[in-house]
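Here the structure is laid out as structure tokens; the discussion comes afterwards.
Every number in this text was worked out from the coordinates using simple rules, so none of it is lab data. Just so you know, these numbers come straight off a predicted model, no measurement behind them. Please note: Cβ atoms are built from the backbone with ideal geometry, for glycine as well, and neighbour counts cover all protein chains shown.
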Amino acid sequence: MINEFTFSFSDLISGYVCDFKSADRIITLRTSDERMYEVSLTANTYAKQTQNLGEGWLDRTAELERLLTPGRMLFVYGTFFPEETTSFEANFIVFAGEADKDHRYLEPGWWTQQIDQIGTSYLKWQFQAPQQTIDYKNYRTLISLTGGKQEQDYLQETDTISRLVYGMASAYMLTGKDEYLEAAEKGTDYLREKMRFVDTDTDMIYWYHGIKVSSTGQEQKLLVSEFSDDYNCIPAYEQIYALAGPAQTYRLNGDPRILDDANKTLDLFDAYFKDHNKGGYYSHIHAVTLSAHEESLGRNKAKKNWNSVGDHAPAYLINLWLATKEARYAEMLENTFDTIYNHFPDYDESPFVQEKFFDDWSKDQQWGWQQNRSVVGHNLKIAWNLMRFQAVKQKQNYLDLANKIACLMPSVGYDKQRFGWYDVVERILKPGQHFHRYAWHDRKAWWQQEQGILAYLILNGHQPENATYRKYADESAAFYNAFFLDHNDGGVYFNVLANGIPYLLGTERFKGSHSMSAYHSTELCFLATVYIDLLIKRRPLELHFKPLPNGFKERILHVSPDMLPAGSVKISSCSVDGVAYSDYSADELFVRLPDSNDRIKVNVTLSPTS
């Protein structure tokens with residue numbers, strides 16, 4: 001018989017306990033899509049509880065009787081034996097929590113501890129802190145699995161520094177630890193000093209791709225990208241992510257230089273990347289003419305894509321608006337989401353959005369590696385960012401598209417057998433196919449898991465009555481916390497196999513690369529904390545700020561951590577330098593800072609309204 005399974009193989013089954021026959025040592029397990037398995041425990045089966053970064057091994061082998069109760073979520077890695085009846089024997093079990101439905105990722109402080117551990121790891125890897133002073137001349141784009149880095153002939157990429165800065169700023173906002181603020185501010189200053197180009201003729205700002213440092217210490221600034229997708233061009237997303245770290249840092253300190261840089265970079269987007277006739281933003285421009293229409297741009301000539309249009313919102317625009325409430329940012333956000341709504345849905349052809357376009361918004365389905373494929377995480381990212389902005393600018397089409405994506409993705413981009421989100425898949429099924437084919441592999445990337453977790457956490461936070469959204473938030477977060485956290489060397493893994501085993505080959509074994517630099521993992525920690533605490537579990541959240549004297553306009557510190565439903569949160573207490581402070585608007589979520597020539601530390605506690 002062709003393709004008959006006559007061999008044993010190991011795999012992961014994730015699901016919920018339906019029954020446990022203690023005498024027979026058999027678990028009946030229900031998967032996410034309601035399929036049933038019988039799992040046999042062996043004499044060597046062991047079990048552990050999901051552990052956070054910074055925690056030791058939490059053995060539960062001796063507590064199976066207590067924990068194998070109906071409804072409990074668990075992950076079982078074991079071996080299939082295709083005999084007269086196919087059996088599945090458990091090698092090990094990972095529990096998602098101690099209680100049936102309150103999984104560990106929902107515990108108070110879970111994500112704050114995780115961002116603290118990630119931040120500590122990156123400070124050690126990049127700067128040998130706290131033993132040595134934080135100095136960004138020691139920063140490296142490439143970091144090995146264990147935190148090692150190259151001392152000579154290295155590259156410092158602007159975007160990866162900015163992403164690290166974002167992580168440090170977010171860690172400070174949640175923990176109040178000064179080392180994270182120091183790293184964020186020093187990184188921002190380094191970006192301004194080394195990576196920023198001010199065009200004195202136009203008063204616009206460009207950001208270099210990075211700096212290449214030779215073995216002799218000679219620095220060469222690189223304006224155009226050296227990444228293969230964008231080679232010899234100025235890609236929009238590199239200019240976008242250059243603002244990510246500084247924008248998050250601005251929320252903490254109100255440094256007017258940061259805001260000035262951001263506004264002048266927005267002027268660059270408006271002047272050279274924006275298509276004023278047909279809408280949207282071009283993905284690449286020429287380094288000399290600053291035109292998107294040069295023949296030398298090759299396959300990137302006059303193109304638009306998800307990154308050039310949509311990434312403005314989560315990378316910096318939402319954070320600038322949260323810090324300032326300026327109309328310019330809100331208008332650009334509305335334009336961004338209107339453009340996404342008008343051009344990206346392609347549901348007559350595919351359950352996935354279209355991501356790449358020609359100048360006239362016709363579909364580009366032959367570009368490079370993407371062809372007619374979908375990045376699963378980009379669909380999910382659209383959903384959670386639409387929902388965020390929907391809280392500020394309510395439009396039914398935003399809500400409808402976010403919900404449509406959230407309803408479609410589990411059936412086409414989600415692993416219903418093991419939990420977790422796939423990477424890149426074919427957008428179209430061929431005749432006879434029921435599964436969208438993987439472009440290269442069925443591995444799962446850390447940043448795609450972030451998109452899945454945040455999509456369903458944020459949609460559930462805004463629509464608490466939707467139990468399906470909570471289910472996928474639970475499953476996605478449980479899978480991520482069970483398998484992506486590196487308890488040996490710190491941080492998170494870039495990729496795991498479909499079954500949760502870390503994939504440690506090539507650049508995917510690194511903790512720092514062109515793609516990875518403490519951004520997605522810390523963004524997940526920050527936003528998961530916000531939505532779990534304030535909207536899902538409905539408990540207070542403490543945030544930390546350290547404004548510069550006369551930094552914020554009119555001394556108004558806006559403290560809303562995200563675009564939350566109107567009236568859902570209030571300030572319940574505030575202190576300045578450890579002393580209770582009352583000059584704030586509880587409902588409008590701002591603190592009127594004291595007139596001081598000294599730098600102050602502001603702690604704010606937000607609480608859900610009744």
Between region 265-311 and region 350-365, how many Å separate their Cα centres? 16
In whole angstrom, how far apart do the alpha carbon centroids of region 156-233 and region 98-137 sit? 22
Given charges at Cβ of Lys, Arg, Asp, Glu: the chain dipole, positive-most of 75, 428, 531: 531
Regarding region 45-162, what whole-number volume in Å³ per residue does the convex hull of its Cα atoms give? 187
Bridge orientation stat for the chain from DSSP, antiparallel percent rounded to 5, came to 95
Residue-averaged [θ]222 nm for the chain, counting only DSSP H segments that reach four residues, each worth -39500 (n - 2.57): -9500 deg cm²/dmol
What Kirkwood Rh does region 555-610 have if only Cα atoms enter the pairwise 1/r average? Answer in Å. 11.7
Rounded to whole Å and sorted largest first, list the principal axis extents of the Cα atoms in the chain. 79, 62, 56
Added length on full extension, which subtracts the Cα-Cα distance from 0.36 nm per residue, residue 575 to residue 267: 107.2 nm
Theoretical gain in end-to-end length, residue 34 to residue 9 [0.36 nm per residue, Cα-Cα removed]: 6.7 nm
Rotationally averaged projected area of region 464-610 (alpha carbon convex hull; nm²): 12.1
Once label points are set 7 Å from the Cα along Cα→Cβ at both residue 467 and residue 260, what is their separation, rounded to one decimal in nm? 5.7
The Rg/Rh figure for region 311-392, Cα atoms and Kirkwood Rh, to two decimals is 1.01
Could you order peptides 265-271, 555-561 by the average number of other Cβ atoms within 10 Å of their residues, highest first? 555-561, 265-271
Take 590, 344 and order them by how many other Cβ atoms sit within 10 Å, fewest up front. 590, 344
For region 9-102, with only Lys/Arg (+1) and Asp/Glu (-1) charged at the beta-carbon, what is the dipole magnitude about the Cα centre, in debye rounded to 20? 160
Separation in nanometres of the label points that stand 7 Å from Cα toward Cβ, at residue 430 and residue 87: 3.8
Interatomic Cα distance distribution for region 9-102, bins of 10 angstrom, percent: 17, 53, 26, 4, 0
Working out 0.36 nm times the residue gap between residue 232 and residue 51, then minus their Cα-Cα distance, what length gain in nm do you get to one decimal? 60.7 nm
Would you mind computing, in nm to one decimal, how far apart the modelled labels at residue 296 and residue 69 are, each placed 7 Å from Cα along Cα→Cβ? 6.9
